[in-house]
Each structure stands twice: as structure tokens, then as C-alpha cells.
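Before any comments, here is the structure.
The values are calculated or read from the model by the stated rules, or taken from the named source; none is laboratory data. The structure displayed is predicted, hence computed values, not measured ones. Note: ideal-geometry Cβ built from the backbone for every residue, glycine included; neighbour counts use all protein chains shown. Protein only, heavy atoms only, side chains kept; ligands, DNA and RNA dropped before computing areas. Shrake-Rupley method; radii C 1.70, N 1.55, O 1.52, S 1.80 Å.
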Amino acid sequence: MTVKTLFDKIWDAHVVKKVEGGPNVLYIDRHLIHEVTSPVAFLGLKNRGLKVLRPEKTTATPDHNVPTINQHLSVKDELSRHQLEMLKTNCTENGIVHHDLGTEGHGVVHIIGPEMGLTQPGMTIVCGDSHTSTHGAFGAIAFGIGTSEVEMVFASQCIMQPKPKKMKITVNGTLAKGVTAKDIALYIISKISTSGGTGHFIEYTGSAITGLSMEGRMTLCNLSIECGARGGMIAPDEITFEYVKGREFAPKGADWDKAVAKWKELKTDDDAVFDTELIYDAADIEPMITFGTNPGMGIGISKNIPTTEGMEGSDKSSFEKSLQYMGFGAGDKIEGKPVDYVFLGSCTNGRIEDFREFTEFVKGKKKAPNITAWLVPGSKQVENQIRAEGLISILEDAGFQLRQPGCSACLAMNDDKIPAGKYSVSTSNRNFEGRQGPGARTLLASPITAAAAAISGVISDPRK
Amino acid sequence: MAYDKFTKITSPAVPLPIENVDTDQIIPARFLKAIERKGFGDNLFRDWRYEKDGSPKSDFPLNNNIYSGKILVAGKNFGSGSSREHAAWAIYDYGFRVVVSSFFADIFKGNALNNGLLPVVVTPEFLQKIFTTIEKDVNTTFEVDLEKQIFTISATNDTIDFEINSYKKHCLQNGLDDIDYLVDMKEEIAAFEKDN
């Protein structure tokens, strides 16, 4: 028997056909859709006189565009409202389950999939959103696709993909206090840049990885795309099974035992070969924060912004352009820099554990008066849990309010826009120019580091 | 989606010597609210191209009328970030048919190929040579020959081979898309489902 990686095992089991001199036709087990990248695909399907082939394998929820206050009212923005209505209509016409705004199943698509048990080990999962890599935390092959590919899945439950190369990233050791999965991810991206993983699918291993909760694993896999990789995955283990067990769409009874037995086989064989292997030590990772305009421009919070020494040509000009946008100087200390907004949420850090960590830090303290904080749960379930666990009163005592679920200020398609020139410490995934609103300046960090900024009013080391 | 068949293009090029151009810059999220695929070219590079009040920024290459053509030449790691296919639509709708860079992000590359937009990967040295050639003469032309998979700087006759898989090449040359191919595989897909 040939030795295989975890990735090979799942990929190979889903190849319907290998096109000569071309991609593989890959069967898709689970398709998640939202309002922004699906309408053109539905239209294309309609124009071909086709219907969705396997509607039961697709699940929809609106998230990118939705307001995060007063969700019971009609959506004010006409274009957004129209897109939300289109999603609903398209789902009805094609028999797709749609978790609408305000319902118990609503939330950010990458948060509700795992919550409902739709995400399971061994699956192929796609969505017209690059952060689909989140679901790899369960030992699934999950990646973002374009709208043409969304239409392919609608029409055939398959897509055409060249098989990516394989990368193994090992993080050994124990994370220090105040260091989270988010910091691991930002650390790795700062080492290999936003293109270091391009062409690859990552498997994360090592004691610092297997020690993570499912929420932490999802945060790490979510950010795989930010180093350019198609996705990232972690072999399923007891922590995975424990998380999936009992969820709405998880196998039940004898089917559960059968599934777990199969899932236990999902690991890389001992002698399997990766195209690229990287090893890091958890002890080298401190709370991370970004200072520039791509997620690779991150540093430990105690460090200074790098200087341009040793850079030349377009590397140097791109770096300088980035610092100019941010209003920072090369060599500046990042701690103590001003902050105007704090955003807790998104498919990266909008899960219950993120809210627990944030709440623990701000407990008994007060939000700094100069900070506007937007706390946006990733789903209705997360929102309910924040209330049920009593986190809400601690947050309110500290001067914070909770908003309603959605993608919100992560990409600012709704009204949650950071004003031009303002600084935002954000738990989301991208610090691109204008990502959180035209002219907005984003610094990516963990929920704990975001909490520290919210309390002190400036960039602060949460360990102090 | 339907797009023009791609054979050979000879054209001047527009230089964008910036690295890590992400899809949020190509088409900002607030322009993704359309439900049809049209008009995205107007907002291509919106925040780099226009001031807040809507007036064009004169130093941005797309606003500089000395540059023209169907070829966009950009710094390494072009198209990183969001999977939005709107980025490829915007570039195509603006009138480009080729993007040249030393490195493309995966999802963007796939999206481009699915929309008749050819991503051409060249070496960092060759990319620099293209930028230098445009700097010397903005009207200089480049030839992109898909059949032969050769990119040529016409003025100097410098050439470089580029990669594309034969399936995608066939699709581009004939204006075909993957959906027709997959729909034709209906029976094979049903058989796969039965066995698994």
C-alpha cells in the first residue's frame, strides 16, 4: 500500500475523474453559500436551464452584508437588501436550506457549519469565500472557490481543481500565557509571508497544535489562506470527535460509532512525504500584532516595526507605501501606538471561546473612553451562549455592548465601517488597505490583545 | 461564463509595479453587492484610482493616458486575499485580457482562467525587463501567443515560455467553460455517488 498524507487520503477518495493534462474532477460533500458570491452563479445556472443537482448538500446563510443592530427591521441599504432577498428566492427555488437573518441558525457561514455538525472529518467542503479553510480544523479538505466554481457545484456537485502540493507545519511545545491560535497563525505568516503557502495545502501538527481546542484549531486553519495556501487541516482526534458529537447533523447511534472508526483512519502515514516542511517552537511565539497592510506584516507585540535595512527595489517601495498608509515610521515601537476602534468578531475570532477570552481580560475593568468597541458574535448560537454563560453582564459592566451576528467590520460591507485614518485593533483576518472601510487602518491581533487595547486605549501587551 | 476566444494578443501594456496587490484593492468589498456580472470595470482599483470625491488620482497608471493596452503587468503575488471572482470580472470588464506577474495567488489564478483572462507567470528578472521596457517607451508592444505559450517583448525580441495546463488552454482557445464539461459528466458523477 502506498503511504499517503491525510490530505492525499481525503483528496484521492473524492476524485471522480482525472482530466488528461488538466485538473481533477473533485466531488464535493458540503457546499456552503452566502449572499455575495452566489447570485451570479444562480443566474448562470438558470440561463443554462439547470437546477441545483444536490440541494441537500448545500446550506445557505446571509452574513457578509447584514446589519449587526436592529436585525428585526428591514435592511436599510437597498443593494444589500436586494442581495439578501435574492439568496432567499434562489434557495426557495432550488430547495436549499436557508438560515435567514434573525433565525436561530443564522450566523457567519464558517461559524454555523461546525456548530450544526455540517462540518465533519474526511469531507470535502467548499464555499465562495476564501476563509472556508476554517473547516480544515476537523480534518476535512476545505477551501474557498470563485463564483464560476460555485456554479459548477450547483450544476454537478463537483469542481475542477489541480491537486495542490503538500506542506507540513509543525509547532512543538506549549504556548505561553496570553498566546493563542491567532498568534501562532500571525507568527507563521510573518515568517513565510502572504505567498509562502501558495500552491500548497497545509497540515498542521505538533504538540502546540494538538493542544488547541476546536475553536483554536478553526482560527489557525481559517488563516491558512493568508499565507497563500489553499487551505490548512489538522488530523481529527478525540477533541474533534467530542466537539462534533451530538450536533444536529452529526451521525447518531450506530452510525456515530461507524463514523468515528472511519475518522480515526484519517491521519498521515508515518513515511508520507510533503513537498515542504516547516518546524516552529511555541516558546518563540509572543502575542502578535500587524503593523502594515498585509497579514504577513506582523511582529511580536514587544518588538519594533522593522526598518528597511537590507530591502531594495519593489520590496522596499511596497514596504514604505504600506507604512505610509498606516501612518507609522520604520523602527517605531508598536506598543503605545494610538487606537480608536476595537473589533471582536469574524469567522477568525467570532466563536464562544474568543468571547470568553476577551471577557476574562476585561472583567472588573473599564473600557477606555477613546475606544469605540464593536463586539460581534459569529452566530446566533454564539450570541445565545454569551448570554447563557453570563458573559454579557461582565461585558456590560466593563462598558461594552454586544451586537448581532454577521461578518461586520471584517470587510465592512454593511454599515460597520472604520472611518478613514482611524486605527482599529481587529480580531479579523485582513489588514489590507481599506478592508475595514475606505482609509481605515487595521492592526490584526488576538481577542486578548484586542481586549488589552480596549482597556488601555492604546496598543498594549496583554501579558503586562 | 461566456468570454472571447483567446488566440494571440499584441498590445502595449499598463504597468502596476506594486507587490501583493490583493483582491480588496482590485475591487473593494462595497462594490460586491451586484447580482449580475456587469459593470465591475468602472470600479476596478477604485480606491487607488479615485479620490474620495470621485475625481481620478492622476498618478495612478490606469488614469495616466500615456498607458494603454490589453495587458496589465503587476508586481509579485498578484490577486492575494479574498476569493471574490469579481476581481477577475473587473479586470476583464475594464478591457484587459492578460495579467503578467512573477507570482499569482491560487484562487485568483483559477478565477482568471475561468473567465477568459490569461495569467502569465514570468521570472522576476523578466518582469523587471518588461517594466524597464515600458518605462523607456510606453507604446512598446508585447505579444502573447497562447498556442505556442510564448510571451515576447516585441522591441527587443526577448521571449519567455509560460505554463498553462492543456485542458485550460483548450478552454481559453475555444471560449469554453468547465460547467459544460461537468454537466456532460452526469453519469460518471452519479456512478461515483453510488459507489461512495
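Structure above, values below:
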{"quantity": "Residue mean of other protein chain beta carbons inside 10 Å, A:130-142", "calculated": "1"}
{"quantity": "Whichever aspartates and glutamates have a C-alpha closer than 13 Å to that of A:Lys245, once near sequence neighbours (fewer than 8 apart) are set aside", "calculated": "A:Glu115, A:Asp237, A:Asp255, A:Asp257"}
{"quantity": "Over 18 Å between alpha carbons, listed pairs A:Lys76/A:Lys417; B:Lys5/B:Lys168; A:Lys18/A:Lys168; A:Lys380/A:Lys417; A:Lys17/A:Lys264", "calculated": "A:Lys18/A:Lys168; A:Lys380/A:Lys417; A:Lys17/A:Lys264"}
{"quantity": "Only Lys, Arg (+1) and Asp, Glu (-1) charged, at Cβ; region A:1-74 dipole about Cα centre in debye", "calculated": "300"}
{"quantity": "Accessible surface of the protein assembly as shown, 1.4 Å probe, proportion on carbon and sulfur as whole %", "calculated": "49"}
{"quantity": "For the protein assembly as shown, size of Cβ-based charge dipole, Lys and Arg +1, Asp and Glu -1, in debye", "calculated": "760"}
{"quantity": "Burial ranking of peptide ranges B:35-41, A:221-227, A:307-313 (average Cβ count within 10 Å, highest at the top)", "calculated": "A:221-227, B:35-41, A:307-313"}
{"quantity": "Loss of accessible area when B meets A, both sides summed, Å² nearest 100, probe 1.4 Å", "calculated": "4700"}
{"quantity": "Long-range amide H partners of A:Lys17 with built H, under 5 Å", "calculated": "A:Val25"}
{"quantity": "Whole-number D in µm² s⁻¹ for the protein assembly as shown, Kirkwood Cα-pair radius fed into Stokes-Einstein, 37 °C, 0.692 mPa s", "calculated": "131"}
{"quantity": "Solvent-accessible ranking of A:Thr449, A:Thr174, largest area first, probe 1.4 Å", "calculated": "A:Thr174, A:Thr449"}
{"quantity": "Surface accessible to a 1.4 Å probe, A:Asp415 within the full protein complex, Å²", "calculated": "120"}
{"quantity": "Built amide H within the under 5 Å cut-off of A:Ile33, gap 5+", "calculated": "A:Thr59, A:Ala60, A:Thr61"}
{"quantity": "Among B:167-173, A:315-321, the order from most to least packed when residues are scored by Cβ within 10 Å on average", "calculated": "B:167-173, A:315-321"}
{"quantity": "Cβ crowding within 10 Å averaged over residues, with A:268-278, B:63-73, A:287-297 ranked highest first", "calculated": "A:287-297, B:63-73, A:268-278"}
{"quantity": "Mean-position separation - Cα centroids, region A:341-418 and region B:141-196, in angstrom", "calculated": "46"}
{"quantity": "Residue order for A:Leu395, A:Leu50 - accessible surface, 1.4 angstrom probe, largest first", "calculated": "A:Leu50, A:Leu395"}
{"quantity": "Efficiency of FRET between A:Asn47 and B:Glu125 - r from beta-carbon atoms, R0 56 angstrom, step 0.05", "calculated": "0.80"}
{"quantity": "Under 5 Å, built H, 5+ apart or other chain: amide partners of A:Lys166", "calculated": "A:Phe201, A:Asp275, A:Thr276"}
{"quantity": "Chain A - accessible surface per residue (Å², probe 1.4 Å)", "calculated": "35"}
{"quantity": "Given charges at beta-carbon only (K, R positive; D, E negative), |dipole| of region A:152-293 in Debye", "calculated": "400"}
{"quantity": "Delta accessible area of at least 50 Å² on complex formation, residues of region A:38-56, 1.4 Å probe, chain isolated as reference", "calculated": "A:Val40, A:Arg48"}
{"quantity": "Aspartates and glutamates whose Cα lies under 12 Å from that of A:Lys337, excluding same-chain neighbours fewer than 8 positions away", "calculated": "A:Asp461"}
{"quantity": "Share, in percent, of DSSP beta bridges within region B:36-120 that are antiparallel, nearest 5", "calculated": "10"}
{"quantity": "Span from the region A:294-335 Cα centroid across to the region A:151-186 one, whole angstrom", "calculated": "26"}
{"quantity": "Per-residue average of Cβ from other chains inside 10 Å of B:84-97", "calculated": "2"}
{"quantity": "Most positive-pole-ward Cα, A:Ile209, A:Ala254, A:Ile234, against dipole of region A:200-285 from beta carbon charges", "calculated": "A:Ala254"}
{"quantity": "Shielding by other protein chains, A:306-318, mean Cβ within 10 Å", "calculated": "2"}
{"quantity": "Proximal lysines to A:Lys51, defined as alpha-carbon separation beneath 19 angstrom and excluding residues fewer than eight positions away on the same chain", "calculated": "A:Lys88, B:Lys186"}
{"quantity": "A:Ser213 paired with B:Ala155, simple spin-label distance in nm, labels 7 Å along Cα-to-beta-carbon", "calculated": "6.0"}
{"quantity": "Furthest towards positive pole of dipole, A:Ser322, A:Ile392, B:Ala155, structure part the protein assembly as shown, Cβ charges", "calculated": "A:Ile392"}
